[in-house]
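Where a number appears in this text, it was derived from the coordinates with a stated rule and is not lab data. Keep in mind it's a predicted model, so treat the numbers as computed, not measured. Counting neighbours? That spans all protein chains shown, and the Cβs are built from the backbone with ideal geometry, glycine included.
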Amino acid sequence: MAKKIEKLALFGGPKAVQTAVGDMFTWPIITAEDEAAALDVLRRRAMSGSDVTMQFEKDYAAWQGNKFALGYSSGTAAIQGAMYGCGVGIGDEIIAPSVTYWASCLQVYSLGATVVFAEVDRDTLCIDPRDIERRITDRTKAIVVVHYLGHPADMDPIMKIARKRGVKVIEDISHAQGALYKGKKVGTFGDVSGISLMSGKSLAIGEAGILTTDNREIYERAFAWGHYERFQKPEQVETPYLKDWVGLPLGGYKYRMHQMSAAVGRVQLKYYDARMKEIQKAMNYFWDLLEGVPGLRAHRPAKRSKSTMGGWYAAHGLYRPEELGGLSVTRFCEAVRAEGVGCSPGANTPLHRHPLFLTADIYGHGKPTRIANASRDVRQWPGSLPVSEAVPAETYGIPWFKHYRPQIIEEHANAFRKAALNYKQLLKDDKGNPEKLGGWHFFAHR
Ligand SMILES: *Cc1c(COP(=O)(O)O)cnc(C)c1O
């Protein structure tokens, strides 16, 4: 990579990215093996069955290191199952980060419970363990931990607080399948995990989700809630009070996984470790190239921590405007885009500012749903979570490389480097960040 400061493409210089990217960003990788697996289900007319799904559950549980896995139609459903599994009910509270996708917490309303948001850590972008304990009350049933954008959350202090206070931990692994925390896979720390496996995620199998746990009662409560086909015989259930209710789904939901997704999932999982390793190599190379560039920080665990980023879902970088004369991330991204790299400012818009968490009366309680069954007013108004509210101005999307191809990665890294090193020129026409930065979701539907 060139060491001198090159002229920005925004001001007429040559673009940093010159080489065609080919299938660098194509995901998931689909081969004849995936196609054959899906076709087999189709030809057997087994789309609504469970035989392949149960095999996929076994594969997934063994791979992640859990006793039980339960396939779902979506990650949203899996996380609701995890909440019900943990005993979340009327008037209860869960604690979740505000900077995440809505399906980490919003389902809690349908259980008659509510959410209290905690701050995220400025560097990991995951829930900040230092901000959890003061939010626990006698109504708190669970803490939802999101391994955000592939980064493992700091599980040791989180589990310590949870055990001390008798609160369950739900890991949302939708961004981080296969990530390690201190050498151990995420999903093996909390009481239960809910995981999206939809097509935009790093383990992408179709519209699907999965729940994992080592706790038999949580597992049984979860399938009793939304898998009527597995909740038919008292002798298949060990939890005493559940035996009386077999036959119908407790939640009134049908949540089983589409078997074409399960079939593709079995194939995808077989190759996932190897593909994830290549992503890790590519992404780590990208950040190594940018080490020491002012204003830019890698969003990844420290190198010798034995923690890893999994499949680097929706990879983002950390932005430190104070090192670039206050240059807005919006202007910074504009310069990066001119170099030929897709780069948008912000990440998930903090949830607590949306009307759904402040004023909306969804079920007709005659008061906001957030506090409909709550024993106190838990609403968190703008300004109440300053670290989370600053995240959009301190993050930007980076290329999510699926292959280790040094030349292409170097050109992309150079785009970011050029924009940062030329910050003084960019300051001139910097109009600042707009009021709303980032979005409610990342996945482009097609
Ligand atoms: C995608 C996602 C979900 C929801 O999963 P779906 O499969 O889309 O229902 C939940 N939590 C997080 C953090 C996600 O990114």
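Can you tell me the 0 to 90 degree angle between the C-alpha axis of helix 216-226 and the longest principal axis of the chain, rounded to 10?
Once rounded, the angle reads 90 degrees.
Mind giving me the FRET efficiency for residue 384 and residue 253? R0 is 35 Å, r the Cβ-Cβ distance, nearest 0.05 is fine. All intermediate terms of the calculation are to be shown ahead of the outcome.
Details: r = 33 Å, r/R0 = 0.94.
With a Förster radius of 35 Å, E is 0.60.
What angle do you read, to the nearest 10 degrees and between 0 and 90, between the alpha-carbon axis of helix 155-165 and the longest principal axis of the chain?
Taking Cα atoms only, the helix is inclined about 40 degrees.
Taking θ as phi - 60°, what are the ³J(HN,Hα) couplings along region 375-388 by the Karplus curve (6.51, -1.76, 1.60), each to the nearest whole Hz, with x for Gly and Pro?
Once rounded to whole Hz, the list reads 8, 7, 7, 8, 4, 10, 7, x, x, 7, 10, x, 5, 4.
Can you give me the Rg/Rh ratio for region 32-266, using Cα atoms for both radii and the Kirkwood formula for Rh?
Rg/Rh for region 32-266 comes to 0.97.
What's the whole-number percent of alpha carbon pairs in region 214-294 lying beyond 14 angstrom?
Details: 2360 of 3240 pairs.
So the pairs more than 14 Å apart make up 73 percent of the total in region 214-294.
Report, as a whole number in µm² per second, the diffusion coefficient that Stokes-Einstein gives for region 91-212 at 25 °C and 0.890 mPa s using the Kirkwood radius over alpha carbon pairs. Display every interim value, and only then the final one.
On the way: Rh = 14.3 Å.
Answer from the Stokes-Einstein relation: 172 µm²/s.
At 7 Å along the Cα-to-beta-carbon direction for both residue 207 and residue 271, put a label point, then send me their distance in nm to one decimal.
2.5
What are the residues whose amide H is under 5 Å from the amide H of residue 168, where those residues sit 5 or more places off or on another chain and H is modelled from the backbone?
Sorted by chain and number, the residues that satisfy this are 142, 143.
Which number do you get for Rg(Cα) / (2.2 N^0.38 Å) in region 349-414?
This ratio for region 349-414 stands at 1.86.
Once you put a point 7 Å from the Cα of residue 362 and another 7 Å from the Cα of residue 138, both along the Cβ direction, what distance in nm separates them?
Once both label points are built, they end up 2.8 nm from each other.
If each residue of separation counts as 0.36 nm, what is the full-extension length gain between residue 51 and residue 217 once their alpha-carbon separation is subtracted?
Working: separation 166, 0.36 × 166 = 59.76 nm, distance 2.28 nm.
Value of the extension gain: 57.5 nm.
From the phi of every residue in region 237-250, what ³J(HN,Hα) in whole Hz does the Karplus formula 6.51 cos²θ - 1.76 cosθ + 1.60 yield, where θ is phi - 60° and glycine or proline is x?
So the Karplus estimates, Gly and Pro as x, are 10, 9, 6, x, 5, 7, 4, 5, 10, 4, x, 10, x, 4 Hz.
If each residue of separation counts as 0.36 nm, what is the full-extension length gain between residue 407 and residue 303 once their alpha-carbon separation is subtracted?
Value of the extension gain: 35.1 nm.
Only bridges with both residues in the chain count here: give the DSSP antiparallel percent, nearest 5.
Of all bridge pairs located within the chain, approximately 55 percent are antiparallel.
How do 362, 195, 132, 210 rank when sorted from fewest to most other Cβ atoms within 10 Å of their own Cβ?
Lowest to highest Cβ neighbour count: 362, 132, 195, 210.
Which residue, chosen from 194, 173, 111, occupies the Cα position most advanced towards the positive end of the dipole of region 32-266, where the dipole is computed from +1 (Lys, Arg) and -1 (Asp, Glu) charges on Cβ about the Cα centre?
Comparing the listed Cα positions along the dipole, 111 ranks first.
Order of 160-170, 346-356, 255-265, 239-249 by packing, highest average Cβ count within 10 Å first?
So the peptides 160-170, 346-356, 255-265, 239-249, ranked by packing, come out 255-265, 346-356, 160-170, 239-249.
Scattering from the C-alpha atoms of the chain alone, worked out with Debye: what is log10 I(q)/I(0) at q = 0.05, 0.06, 0.12 1/Å?
-0.18, -0.27, -1.02
With no solvent and one equal point scatterer placed on each C-alpha of region 1-51, evaluate the Debye formula and give log10 I(q)/I(0) for q = 0.15, 0.18, 0.31 Å⁻¹, two decimals.
-0.64, -0.77, -1.14
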